[in-house]
Amino acid sequence: MKKRLLITAPFSFIPELLNEIKLKFEVLYEYQPTKDKVKKLINEFQPHAWIPKPCNEYLIDGELLKLSKSLEIISTPSTGTNHIDIIKAEELNINVFSLKGSKAVDSITASSEYTFALLLATVRKIPAANRKVLDGHWREIEYSLRSRELSELTLGVIGCGRIGGNLIRYSEPFGMKINIFDPYINKISDSRVNVCENLETLLKNSDIVAICVHLNSETKCMIGSNEIGQMKDGAFLINTSRGETIEEKALINALKSGKITAAGIDVVCEEHLLPKKENILINYAKSNENLIVTPHIAGLTIDSENKAQRAAYDACLEFFNLS
């Protein structure tokens, strides 16, 4: 008898993989169901495994986890797990697999590429320039669009895992000086990269600060008013990790005062409540050109999702000894 697999992650654009999965599992595929619909699906289908979409308007909390008496594994096609109540899953003996630390994650470059693109767009004011043209302007407003050359700036990378490491590689050909801070790294072979002893040293000596960390108890709210105060006047801030790594009110205050020239973010706090609940950063960006906000799409490519969904599926195969 086949194990039952619930899939709420996007698989429709890779039908060949979905067909392959159906040979091994009894599959129920439902993309972007509401929380109420998920409750119904779990109650009726009673899955043994679940491949969820990482970004939903709800959390996979205790209420959902308790609904299936047979659920043994949640395999999320993401490195982050803040959309899952890990503690409750452990209490219920439900295994949680994520891409973090897996072999597949090293081949996924979408988030790294996007982080560099967001950095470039923020420093060079590309979205603001486009908006000016659409509003009927041309070179008469050039003063407001003057920016900086990357080769004249120092990039500070907080967290040197996959994304941080790739960001360093992408930045070096542009002639940028690079500082890094990672409590798990005290030496690096690249002579062009300066390893900072602490976060404060990186903040004080970097023109652009990029947050590339995994969200946990140590990194939550790691950039607040104190840390922003340590940054160079007029610095830039980039965040494609998780919204909860930044104190959002402190960032807005810094953008208003000019302490931070501009910021580019792909994540905000409590994303699962959007768009029903307003977010202060999104509201600020509506009328201020020095903040770029995008809807957590750094990893959203056909290539990366294909690799991620396959890795999540392979984890289910391995868990049930079906590979």
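The values are calculated or read from the model by the stated rules, or taken from the named source; none is laboratory data. Here the structure is a predicted model, which means the values were calculated and not measured. As a convention, Cβ positions derive from the backbone with ideal geometry for all residues, glycine included, and neighbour counts pool all protein chains shown. These area figures cover heavy atoms from the full protein model, side chains too; ligands, DNA and RNA do not enter into them. Shrake-Rupley method; radii C 1.70, N 1.55, O 1.52, S 1.80 Å.
Just a few scattered comments:
- The convex hull of the Cα atoms of the range 264-305, projected and averaged over all directions, covers 3.5 nm².
- With 20 Å bins from 0: P(r) over the chain, alpha-carbon pairs, percent: 30, 52, 17, 0
- In this rough spin-label picture, where each label sits 7 Å from Cα along the Cβ direction, the residue 192-residue 16 distance is 3.7 nm.
- Förster radius 30 Å - calculated FRET efficiency between residue 143 and residue 282 (Cβ-Cβ, nearest 0.05): 0.60
- Expressed per residue, the C-alpha convex hull volume of the range 34-109 stands at 90 Å³.
- Using 0.36 nm per residue and subtracting the Cα-Cα separation, the extra length available between residue 201 and residue 58 on full extension is 47.7 nm.
- Karplus (6.51, -1.76, 1.60) ³J(HN,Hα), θ = phi - 60°, over the range 132-145, in Hz, Gly and Pro reported as x: 4, 4, 5, 7, x, 9, 9, 6, 5, 10, 4, 4, 6, 10
- Relative contact order (%) - criterion: Cα under 8 Å, at least six apart; region: the chain: 17
- By average C-beta atoms within 10 angstrom, highest first, the peptides 262-268, 166-172, 228-234: 262-268, 166-172, 228-234
- Ignoring the sites themselves, the chain has its longest run without GluC sites (Glu not before Pro) in a DSSP loop having at most 12 other Cβ atoms within 10 Å at 1-148.
- Computed E for residue 103/residue 302 - FRET, C-beta separation, R0 25 angstrom, nearest 0.05: 0.75
- Rounded if a/c under 1.5, otherwise prolate or oblate - the range 136-281, Cα gyration tensor axes: oblate
- Cα gyration tensor shape for the range 1-59, rounded if a/c is under 1.5, else prolate or oblate: oblate
- Of the solvent-accessible surface of the range 15-62, computed with a 1.4 Å probe over protein heavy atoms with every protein chain present, carbon and sulfur atoms account for 50 percent.
- Angle of helix 162-171 to the longest C-alpha principal axis of the chain, folded into 0 to 90 degrees and rounded to 10: 30°.
- Within the accessible area of the range 110-174 (1.4 Å probe), percent carbon and sulfur: 54
- Projected onto their three principal axes, the Cα atoms of the range 239-323 cover extents of 57, 24, 20 Å, largest first.
- Length gained on full extension, residue 126 to residue 34, computed as 0.36 nm times the residue gap minus the Cα-Cα distance: 29.6 nm.
- Mean accessible surface per residue for the chain, computed with a 1.4 Å probe while every protein chain stays in place, in Å²: 50
- In degrees, nearest ten, helix 110-123 long axis to first principal axis of the chain (Cα): 30
- At q = 0.25, 0.31 Å⁻¹ the log10 of I(q)/I(0) for the range 168-216 amounts to -1.10, -1.42, computed by Debye summation with a single uniform scatterer per C-alpha, solvent ignored.
- Extension gain, residue 253 to residue 323: 0.36 nm times the residue separation minus the Cα-Cα distance gives 19.9 nm.
- In the range 192-323, the portion of solvent-accessible area held by carbon and sulfur atoms comes to 49 percent [1.4 Å probe, whole percent, DNA, RNA and ligands not counted].
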